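This is the structure I have questions about; it appears just below.
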Amino acid sequence: MVLYNKTMKTIFSGLKPTGEMTIGNYIGAMKHWPSSQADSRSIFFVPNSHALTVRQDPAQLKTRTLDLVAWLLAVGVDPDESIILVQSMVPAHAELFWILDNFVTIGELSRMTQFKDKSGKSSAEGQLAGLFNYPVLMAADILLYSTDEVPVGEDQIQHVELTRDIATRFNNIYGETFVIPKATTPQHGSRVRGLDDPRYKMSKSDHPDSYVALGEDAESVIKKFKRAVTDSDDKIRYDPKSKPAISNLIEIYAGFAEVDIATVESKYQQKGYGEFKQELGELVADKLSVLQAQFEKYRSNETALMAIIEQGNAKASQIANEKLNEVKSKIGLL
Ligand code: TYM
């Protein structure tokens, strides 16, 4: 890892172990993380405590947490260049969460769109307080590491904005303590949409036809792209407003082929949807098979995986405890 000095940017982000990783998680977030390693202090983590807002099977939660660490390694996060940690193993996250919970209002948390979406139609009696407080734990994650940039998909921007508000409020009262972070999103692919309905974000919690998982086999990937909905005319043209379905597929193509949107448009200018979707399916399946081989390599050696986690947790704890102690001392906690 590059030795940290205050002029160096800190990049911090994570993935929740609540289900299979999708190509949305990949294009919107993970894919971009390794590129920051060379010239920034890069910290990536598995927010497993965040998963508790939905009842989890304990064995499955453990497995998925380790799976995610293996996926981080598979996409190119290097434990010698970045810090990889598991949230529940660095108690400073939970401790700062409680402190910050007193620097945010019920009104602010009520306005979080993810809370509104996820709490759905249930009454306050049926809603878990953890789901409501979710963004505060996220603020603690980010602020513990003096994060400058949080590379995320579009759905997390509002949470990072709230983190900024919480940090600013704290700094205004107690003096410069937290770095004010900003969310960064990729120009394209920050909101990969469902293959069956482009009105909705691609999500692992939706119908399997709507998403492609990172662990999916080639046959199934190709079939899903063949079945993906398209728009009424037959032009492969990027226009998210009037052609949301094909624009989504173009973004996925661009994300996997590492080319820009115009390159995809010109390549398929004279071609039809059928050919485009077939080739897109093959492109994604090929790339996933490379990632899957890497994933298997890391996932099959749990001892080595745990050693990577322990090493990352130790480095992370040092940074996190220092910030937590600064905060506690400023607010008068012994
Ligand atoms: P999570 O686990 O839902 O998603 C992980 C990352 O993937 C992005 N993403 C997408 N990007 C584009 N298109 C999609 N369809 C799509 N679906 C997901 C998400 O925006 C995210 O960047 N709250 C976070 C986890 C978290 C966190 C943090 C992230 C907890 N603490 C601190 C950053 C910093 C979450 O649930 O992400």
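Could you please find all residues in the range 185-205 being out of contact with any helix residue (DSSP H, G or I) (no Cβ under 8 Å at 6 or more places or on another chain) and more than 10 Å from the ligand (Cβ to nearest atom)?
Of everything in the range 185-205, just one residue is out of contact with any helix residue (DSSP H, G or I) (no Cβ under 8 Å at 6 or more places or on another chain) and more than 10 Å from the ligand (Cβ to nearest atom), namely 187.
Does the range 23-36 contain any residue that is away from the ligand (no atom under 12 Å from the Cβ) and within 30 Å of residue 326 (Cβ to Cβ)?
Among the residues of the range 23-36, at least one is away from the ligand (no atom under 12 Å from the Cβ) and within 30 Å of residue 326 (Cβ to Cβ), which makes the answer yes.
Look at residue 133 and say whether it is assigned by TED's automatic domain parsing to the domain that holds residue 17 and either in contact with a strand residue (DSSP E or B) (Cβ under 7 Å, 6 or more places away or on another chain) or closer than 20 Å to residue 45 by Cα (or both).
Yes: the conditions hold for residue 133.
Let me ask something else. May I ask you to say which residue of 35, 82, 49, 88 is in the same structural domain as residue 314 (by TED's automatic domain parsing) and free of Cβ contacts under 8 Å to residues at least 12 places away in the same chain?
Of the residues listed, the single one that is in the same structural domain as residue 314 (by TED's automatic domain parsing) and free of Cβ contacts under 8 Å to residues at least 12 places away in the same chain is 35.
Quick check on my filter: what residues within the range 120-136 are out of contact with any Asp or Glu (no Cβ under 9 Å at 6 or more places or on another chain) and near the ligand (Cβ under 10 Å from one of its atoms)?
134
What residue, of 228, 213, 254, 245, is modelled with pLDDT of 95 or more and in contact with a strand residue (DSSP E or B) (Cβ under 7 Å, 6 or more places away or on another chain)?
213
Still on this structure, please answer the following. Yes or no: the range 162-180 includes at least one residue that is within 13 Å of the ligand (Cβ to nearest atom), within 17 Å of residue 113 (Cβ to Cβ) and either free of Cβ contacts under 8 Å to residues at least 12 places away in the same chain or in a loop (DSSP other than H, G, I, E, B) (or both).
no
Going through 257, 245, 228, 167 one at a time, which residue ends up being surrounded by fewer than 22 Cβ atoms within 10 Å (Cβ to Cβ), among the small types (Gly, Ala, Ser), touching a Leu at 6+ places or on another chain (Cβ under 8 Å) and not assigned by TED's automatic domain parsing to the domain that holds residue 100?
Exactly one of 257, 245, 228, 167 is surrounded by fewer than 22 Cβ atoms within 10 Å (Cβ to Cβ), among the small types (Gly, Ala, Ser), touching a Leu at 6+ places or on another chain (Cβ under 8 Å) and not assigned by TED's automatic domain parsing to the domain that holds residue 100, namely 257.
Something else now. Of the numbered conditions (1) farther than 27 Å from residue 253 by Cα; (2) touching a Phe, Trp or Tyr at 6+ places or on another chain (Cβ under 7 Å); (3) near the ligand (Cβ under 10 Å from one of its atoms), residue 85 fails exactly one; give the number of that condition.
(3)
Also, quick follow-up: Under 6 Å between Cβ atoms, which residue pairs at least 6 apart in sequence (or on different chains) link something in the range 145-156 that is more than 7 Å from the ligand (Cβ to nearest atom) and modelled with pLDDT of 95 or more with a partner that is aliphatic (A, V, I, L, M) and part of a loop (DSSP other than H, G, I, E, B)?
Listed pairs, sorted by first residue: 146/179.
Moving on to the next point. Let me confirm something: among 141, 117, which residue is assigned to a helix (DSSP H, G or I), assigned by TED's automatic domain parsing to the domain that holds residue 319, within 13 Å of the ligand (Cβ to nearest atom) and crowded, with 23+ Cβ neighbours inside 10 Å?
Sole residue among the options that is assigned to a helix (DSSP H, G or I), assigned by TED's automatic domain parsing to the domain that holds residue 319, within 13 Å of the ligand (Cβ to nearest atom) and crowded, with 23+ Cβ neighbours inside 10 Å: 141.
Continuing with this model, one more query. Would you be able to say whether some residue in the range 8-21 is modelled with pLDDT of 95 or more, within 13 Å of the ligand (Cβ to nearest atom) and touching a Gly at 6+ places or on another chain (Cβ under 7 Å)?
no
Any residue at all in the range 53-72 that's basic (Lys, Arg) and more than 13 Å from the ligand (Cβ to nearest atom)?
Yes: the range 53-72 contains one or more residues that are basic (Lys, Arg) and more than 13 Å from the ligand (Cβ to nearest atom).
The values are calculated or read from the model by the stated rules, or taken from the named source; none is laboratory data. The model shown is predicted, which means the values in this text are computed figures rather than measured ones. Glycine gets a Cβ as well: all are built from the backbone with ideal geometry, and neighbour counts include every protein chain shown.
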